[in-house]
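Just below is one structure, and these are the notes that go with it.
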Amino acid sequence: MGDLNTSMIEKYRNDFLKEVEANVEEGQWVKMCMQCGVCSGSCPLGPSWEHPPQEIFMMIRAGRRDEVLKSESMWMCTSCYNCIVRCPRELPITHIMHGLANYAHRLGLAPKMNPTRRFAKIFWDNIAKSGRVNELELSMRLYFMDGFKSGVQKGLEMKDIGIGMLKTGRLNPFGLFAHKGCKDIKGIHKMLKKAYEIEDRKKGFVA
Amino acid sequence: MADMKVGAYLCQGCGLGERLDIKGLATVAQKEGKAQVVREHEFLCNSQGVAMIQKDVAEEGVNRVVIGACSRRAKVEAFQFPTAAVTRVNLREQVIWSQPDTDEARELTQEMAADYIRMGCAEAKKTAVPAINPAAGHNKRILVVGGGITGMTAALEAARGGYDVLLVEKEAALGGFAAKLHRRVPFTEPFADPQDNGVAALAAAVQGESRIQVFLGATTTRTSGAPGAFSVDITTESGPTVTENVGAIVMATGFRPYDASRLPEFGFGSSPLVVDQAGLEALASDAAAKGQAIVRPDGKAVKSVVFVQCAGQRDETGTHLKYCSGHCCNTSIKQAMYFKDQNPNVDTAIIYTDLRTPGNGEDFYRSAQRKGVTFTKGRVAKVETAGDGLTVHFHDLILNDQAATISSVDLVVLATGQVPNSGVDIEAKPAESKDGEARVQSVSILNLTYRQGPDVPQLKYGFTDSHFICFPYETRRTGIYTAGPVRRPMDIAQAVEDATGAALKAIQSVESAAHGRAVHPRAGDLSYPSFRREGCTQCKRCTVECPFGAIDEDEQRYPQFNEGRCRRCGTCMGACPVRVISFENYSIDTVGAQIKAVDVPDEFSEKPRILLLACENDAYPALDMAGMNRRVSSAFVRTIPVRCLGSVNMIWITDALNSGYDGVMLMGCKHGDDYQCHFVKGSELASYRMSKIDDTLKNLNLEVDRVRTLEVAITDIERVPALIDEYAAKINEIGMSPFKGF
Amino acid sequence: MARKEYSFYPGCSSERRASASNYMVSVESMCQKLDIKLNEIPDWNCCGASIGYAQGGELPRHVMNARNLAISEQVNKGQDVVATCAACWLGAKETKDRLAHDQGLLAEANEALREAGMNLVYKGEQEVRHMVEVLIEDLGYDELRKPVVKPLEGMKIAGYVGCQTNRPFGIAGESFENPKYLDHLIEIVGAEPVEKYDQKVTCCGGALAFSEPEKSQAQIKKIVESAYDYGAEMIVTPCPVCQMNVEIYQGQINKRYGTKFNMPVTYYSQLMTVAYGGSAKEAGLNGQIVRAPRLEEIAAKGR
């Protein structure tokens, strides 16, 4: 992963904007931001972003590669799409933020302990495994991601909710053993593998 | 008109017949108004009603027509009788529509209507049909001063409209500032790329237009006269001075860039790599002539350019230009594209605080973003030489980074603003230095022989704009219109539009002058001021205060009216302490007689009388519209429209107070920096005069609240009746005037 | 033959014993009453949800959705794809949108699809719609009103639209800032909508309810509090994530902030099922962690 980062730095030298345009989902839109700040003001978690989207765009243009890619900011996105519908320039801001987070994650620069990054990874692994979400496994893995002790503690905090979900028939107590998933799970695995291959090839992530 | 014959015509339509005792009003017109002919009609403005009046004018010899119907602002065409002076009595909007429709209110409403009939008849007897100005000028040629985009466009538009044009340009060639541009900001779809500056084509069109006579290397060294009859000396550098007669003048003298050498912090002067926008155009034109890419002045290749917006503009410290010049954001975008279009790998950064690209400029802005021009919101602090290039230090306003830099910069372009070439500031007080360099210019452009000074008055920051929303192009010199960046900061597209507008105004002016008519805002008015020479004390107030420089002084130091320059505001009439200035249809007597005609009940009647002198441009229409909205206001107010508060003579106020009025209100337009006065200075002068009324009131032993001056706008439809009621309540509080019955 | 037929994409949370199983129960009842037939897309897979971006990336996410759509094109020919879950709808619609405007991406998606079974080729033939769109556009408010036999009289309900049913696509003709359709649906079933519910489109935190619980719960608090402020006795929503987040964390919020929230959060389909005469069980009301007693009462009436 570190190698990939190094090779990208070499490939794009100081032109971080170009790197973003080439490698980040919808990155070609970054240069079109007109710095009005509506996105930052519209974000439900706006105050929690160290650098709200408006600043991120500015930092990309200013070539502040490390600051952007190592930032916790993009990981604050709740995918509410408020910024997208309000942007007067119609930039797909949500997707750009997702794209940046994904790229930072791919390069291994994203903050290791960021809870959303970790959850997102667990989530995708969960669905990629069987084709569908296994909610029990997902929540168990989430609670225990910091080890057994803290997992038990979190589990206890969430106990009432869990029992509530169980009682109302909205959680499968046997999900860890009896989750069915998709029938053509082999096909799905092959399909995803291929998709990764294509994407890596396209973005020059593999030789 | 030897015998005066007054005909009063009372309308019963629009509810007047139901709300008022029209018979009773007819009796008032006859007995008190002394109208020889009095008629009622159920629908006066229809063809029968009008025909009835026409018949009286033609056959009965009626030459003063009093119309008791709707406001003077309604049915203007219907109630026009060329051989008779017409007086309008506003019974509809300002009587029945502004009083409650109740049985209790009937008596006061009728009293109000009766007073207005008395006033109308009294006014009629003091007024006359204006004779046409004997000094009307008939020259319809148009002089355009300045051969840039604006001047050439104005000349072409006027010529194509069928008018002969003289075009005077001080340089040896047409083109002005735009000729020096490598390209111009796009003005056609898709507004994505710089376009040819278009000067050559425009100049060719001008040269090919037979109605246009071009004077190159020439200036206007003397200008005298009035609309329709200007006389202008045109002096050519090498040749003789010729005197030409023209009917109107368009002044399109453009701008010069703000002097960048006043910005040493940005390295101008100390580094050849720092240029202003004009300097970059020169580099670009040079490169284009050689068929090369733009290079540094030292011949090296350009890899990085930084554009500094608002250099010496929008300055709050008082050192530089205070204003935004409007075009510079688009110009920098255009110049950044010079580089990007030649080589997309050149870094171009535009550092701005607010990017202003109005209209289609937004598309141009987006196009630049697509081409990879970097836009950085920041404020440049310093440009320093570093090694072979420059380092730009700036405050990044988005990231709030005070120490942001861009280094290894090959060129820095300063967006300095426009300074108008507006000639001599005739109102400048010598000791004062205002707005930095913008004002410092002492070479006259028009060399007017007017008493008030050699150039047109400036409004703000040296620009010659008049009220830009209500009446663009107007200067305070009738028949002289300014257009383009001398009027206000603007770009080429706006200048072209401006030039067309000014050409139309000039055409309007020569046509009106030929008919002896006034131009804006009393367009078509045939009256003009005259004065009784024997009564004049040569105090010069009229010549000093005329907002339009219409009055000079003759050899014997009497005022000399240039009727063609007059806008008919009556400010001279308001100023005259001995009341010798008048118009045939508007004079001390036409208003004075109305004031005296009002029936003032005695002090025990509990019926006060308040005189309201309302400006016809804003206050009076607002009162009409309040009536249309059925906004009720005090029945004790009697309103007289005036041409401008500037025309209000103190005698009206003292007369009113002496004859027992309990209060006098004046409603005029906003004055000061953002004035709305249609005569620019009228309401300001009135307010100045009224500031001295307190002494008069004290001499009369009256309360200062007996006179109140108010600023209103045409949109104050709700506010105007409220102001009236507020004042009526105040009068009620102070009590009745002690002067009644004297 | 049913009056309307759709290719149905239920999504993970609607599965039996999953977090929105009660939604599914009520949707089935509602559709039965309205004579709508839903043909489930066989062997559908997860849409990737929004949170899938970090690990999933661009193409794999689109490929997941393209698989579902391609199966639908093959099996449920000529039918629109309908999703009940906001995230499923958004994910599928986004993929349709992007692949329609990017031929390169379409080719890449199909290249990957070939690796899956069933000889799938995605062509982009079918519309992707939310259940709410189907109700409003294909049936119309008047048709939705007809089957009402037990109007929810006297109930004041806050229509919480949330994010993903509303943005970035939304329902045609509705504004992003103040969509009205949910209020109309509340009106149709005989209840009173909270007209000025000012947290109508506030984000509940979505997936960040797991990863950033404090921040999400601050959002949820606003959403519930505003409903109380305007006198609502219940919140109704079209989105399973909204429903779950706003309902199940009330206990934790009460602990954190000392509030006393106990606000039922239901789906529009549950209101409709009850108004159409369905039982509490048919409406999935037994799936509420915060019970909805008034709704249960009405459902029990006359039984």
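In table form, for the structure just shown:
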{"item": "Principal axes of region B:21-100: Cα extent on each, largest first, Å", "result": "40, 29, 20"}
{"item": "Column: log10 I(q)/I(0), Debye, Cα scatterers of chain C, q = 0.12 Å⁻¹", "result": "-0.77"}
{"item": "Spin-label model distance (nm) - C:D142 vs B:S407, 7 Å beyond Cα toward Cβ", "result": "7.4 nm"}
{"item": "Equivalent ellipsoid dimensions for region A:75-207 as semi-axes, Å, which come from the Cα gyration tensor, largest first", "result": "30, 21, 16"}
{"item": "Per-residue ³J(HN,Hα) for region B:498-510, Karplus 6.51 cos²θ - 1.76 cosθ + 1.60, θ = phi - 60°, Hz, x for Gly and Pro", "result": "4, 4, 5, x, 5, 4, 5, 5, 5, 4, 4, 5, 5"}
{"item": "Number of partner chain Cβ atoms within 10 Å, mean per residue of A:157-166", "result": "4"}
{"item": "Shape category assigned to region A:2-112 from the gyration tensor of Cα positions, a/c cut at 1.5", "result": "prolate"}
{"item": "Sites matching GluC sites (Glu not before Pro) across region B:75-144 that sit in DSSP coil, with at most 13 neighbouring C-beta atoms within 10 Å", "result": "B:E77, B:E104"}
{"item": "Dipole of region C:119-163, positive end: most advanced residue of C:L120, C:V161, C:P151 [Cβ charges, Cα centre]", "result": "C:P151"}
{"item": "Distribution of pairwise C-alpha distances over region C:113-254, 5 Å bins, in %", "result": "2, 9, 17, 18, 17, 13, 9, 6, 4, 3, 1, 0"}
{"item": "Span per principal axis, largest first, for the Cα atoms of region C:211-303 (Å)", "result": "43, 25, 19"}
{"item": "Positive-end residue, region B:195-313 charge dipole about Cα centroid, Cβ charges, pick of B:V295, B:V206, B:G217", "result": "B:V295"}
{"item": "Rg ratio (alpha-carbon, reference 2.2 N^0.38 Å) - region B:600-742", "result": "1.01"}
{"item": "0 to 90° range, to nearest 10: angle between helix B:361-370 axis and chain B longest Cα axis", "result": "20 degrees"}
{"item": "Packing rank of A:50-58, C:62-70, where each peptide gets the mean count of other beta carbons within 10 Å, highest leading", "result": "C:62-70, A:50-58"}
{"item": "Per-pair calculated FRET efficiency, R0 = 35 Å: B:C470 and B:D599 via Cβ, rounded to 0.05", "result": "0.35"}
{"item": "Candidate lysines for bridging to B:K55, where Cα separation is under 27 Å - those fewer than 8 sequence places away on the same chain excluded", "result": "B:K5, B:K23, B:K31, B:K34, B:K75, B:K125, B:K126"}
{"item": "Computed lengthening from A:N14 to A:E90, 0.36 nm per intervening residue step minus Cα-Cα distance", "result": "24.6 nm"}
{"item": "Nearest-0.05 FRET efficiency for C:Q74 and C:R303, computed from C-beta distance (R0 45 Å)", "result": "0.55"}
{"item": "Charge dipole of chain A about the Cα centre (unit charges at C-beta), most positive-ward option of A:W49, A:S7, A:P173", "result": "A:P173"}
{"item": "Reach of C:K180 by Cα under 21 Å, taken over lysines that are not fewer than 8 positions away in the same chain", "result": "C:K146, C:K156, C:K196, C:K200, C:K222"}
{"item": "Cα Rg over Rh - region B:104-164, Kirkwood", "result": "1.50"}
{"item": "Total charge dipole magnitude, region B:1-129, about the Cα centre, Cβ charges on Lys, Arg, Asp, Glu only, Debye to nearest 20", "result": "500 debye"}
{"item": "Per-pair calculated FRET efficiency, R0 = 25 Å: C:M1 and A:K183 via Cβ, rounded to 0.05", "result": "0.30"}
{"item": "222 nm mean residue ellipticity, helices alone, for chain B (DSSP H n ≥ 4; -39,500 (n - 2.57); rounded to 500)", "result": "-8000 deg cm²/dmol"}
{"item": "More than 59 angstrom apart: percent of Cα pairs within the protein assembly as shown", "result": "41 percent"}
{"item": "Point-to-point label distance, B:V443-C:K260, nm (Cα→Cβ direction, 7 Å offset)", "result": "8.6 nm"}
{"item": "Rg and Dmax of region B:199-254, Cα atoms only, in Å", "result": "12.7, 35"}
{"item": "Rotationally averaged projected area of region C:1-88 (alpha carbon convex hull; nm²)", "result": "6.1 nm²"}
{"item": "Projected area averaged over orientations for chain B, convex hull of C-alpha atoms, nm²", "result": "38.2 nm²"}
{"item": "Virtual spin-label span in nm between C:D102 and C:Q32, 7 Å along Cα→Cβ", "result": "4.3 nm"}
{"item": "Percentage, to the nearest whole number, of Cα pairs in region C:1-158 over 28 Å apart", "result": "25 percent"}
{"item": "Average beta carbon contacts from partner chains per residue of A:27-38, 10 Å cutoff", "result": "3"}
{"item": "Charge dipole (debye, nearest 20) of region B:462-582; +1 at Cβ of Lys and Arg, -1 at Cβ of Asp and Glu", "result": "400 debye"}
{"item": "Net charge dipole size for chain A [Lys, Arg +1 and Asp, Glu -1 on Cβ; Debye, nearest 20]", "result": "660 debye"}
{"item": "Per-peptide average of other Cβ atoms within 10 Å, ordering C:106-119, B:215-228 highest first", "result": "B:215-228, C:106-119"}
{"item": "Between helix C:103-113 and chain C: long-axis angle, C-alpha atoms, 0 to 90°, nearest 10", "result": "90 degrees"}
{"item": "Tilt relative to chain B, helix B:149-160 - C-alpha long axis, 0 to 90 degrees, to 10", "result": "50 degrees"}
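Coordinate-derived values only; no laboratory data. Computed from a predicted model, the values in this text were never measured in an experiment. Note that we place each Cβ from the backbone using ideal geometry, even for glycine, and neighbour counts take in every protein chain shown.
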